Amino acid sequence: MSITIARTRAELAAAVGDATVAFVPTMGALHDGHVQLLKHARPLGEVLVASIFVNPTQFAPGEDFEDYPRTFDADLERCAEAGVDVVFAPAVETMYPSGFDTTITVDPGPLGSILEGAARPTHFRGVLTVVAKLFGLVRPDVAVFGEKDYQQLTLIRQMSRELALDVEIVGCPTVREADGLAMSSRNIYLTADDRVRAAAVSAALRAGVAAGPEGADAVLDAAHAVLDAAGITPDYLVLTNPELGDPEPGQEARLLVAARVGKPRLLDNCALTIGATKLGS
Ligand code: PAF
């Protein structure tokens, strides 16, 4: 089946019909990580829809909205390779028919103001609002998001559950470069030197995982040591439980890091089990 490009609600509805829908929302600039999301989603619905929309409301003034890479033709090729049936590429007016100031927004609640939300206070309101709108337009049965943006994934799961949106949210493991760097559309902003240093971000997570059996403090110390050695000061490096609450000794946990390396702010995270030593003890 050849790919259909839908730009309006009517074109989208005509392209999807009554089929079950698997959906991968994106902002374009597709890389191998997105291709994995699309391949993961392919068998989950009769029709696979990918959206390409650089959402203005998740960028604060002074962030990279204008500069965000836009590579529509290459994105279409990647979508076709991954078996996408419909690319939904709406205009801003389709997504925000009443403008930005009067639009009803989704409040992300307390989870939206920690970690990424502390650094970017309006970001998750923009993300959840556009994802809710996309769900309303695409009407997916299942939607696939990357674990790389772990807080985003957690919030979207919570939104779908608490607002009874009836969309199954599936997380897909982070896809990495050979040296461990998590793939991201913003990696293109790294200079050659910064690209080498950037590998320390995922190396810090691996060091943390290796120290897991020794307890929470050892995890954070090991990860900090790797970042220090690379001259990287993280915005945050935290250990949480899988829902981003306090970690429990002896339980599954999540180690999350954000650090500016040159221009881009790099995010990464991983699952681990921490030994039975209390954090801070
Ligand atoms: O992860 C992204 O690319 C964006 O935040 C998303 C989910 C497509 C919403 O604009």
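If you filter the range 242-259 down to residues that are in a loop (DSSP other than H, G, I, E, B) and surrounded by 14 or more Cβ atoms within 10 Å (Cβ to Cβ), you find that the one that is nearest to the chain's Cα centre (by Cα) is L244. When the test is whether a residue is modelled with pLDDT of 95 or more, within 28 Å of F100 (Cα to Cα) and touching a strand residue (DSSP E or B) at 6+ places or on another chain (Cβ under 9 Å), V49 passes it. Taking the criterion of being of a type outside the set (S, T, N, Q) and either touching a Cys at 6+ places or on another chain (Cβ under 8 Å) or more than 13 Å from the ligand (Cβ to nearest atom) (or both), the residues of the range 141-163 that qualify are D141, V142, V144, F145, G146, E147, R161, E162, L163. When the residues of the range 164-192 are filtered to those that are in a helix (DSSP H, G or I) and touching a residue at least 24 places away in the same chain (Cβ under 8 Å), the one that is farthest from A230 (Cα to Cα) is S185. Out of T174, T122, T129, one residue alone is under 22 Å from G28 (Cβ atoms) and under 13 Å from the mean Cα position of the chain (by Cα). It is T174.
Would you check if L115 is within 13 Å of the ligand (Cβ to nearest atom), in contact (Cβ under 8 Å) with a residue 12 or more places away in the chain and closer than 30 Å to E243 by Cβ? No: the conditions fail for L115. Number of residues in the range 164-210 that are among the aliphatic types (A, V, I, L, M) and more than 16 Å from the ligand (Cβ to nearest atom) equals 16.
Give the range 139-187 a look and list any residue that's acidic (D, E) and under 23 Å from L48 (Cα atoms), or say none. D141, E147, D149, D166, E168 - these are the residues of the range 139-187 that are acidic (D, E) and under 23 Å from L48 (Cα atoms).
Identification of strands (runs of 3 or more DSSP E) wholly contained in the range 1-101 with 3 or more residues that are surrounded by 16 or more Cβ atoms within 10 Å (Cβ to Cβ) and touching a residue at least 60 places away in the same chain (Cβ under 8 Å) yields 21-26, 86-88.
The values are calculated or read from the model by the stated rules, or taken from the named source; none is laboratory data. Not measured: the values here are computed from a predicted model. Don't worry about glycine lacking a Cβ; one is built from the backbone with ideal geometry, like all the others, and counts go over all protein chains shown.
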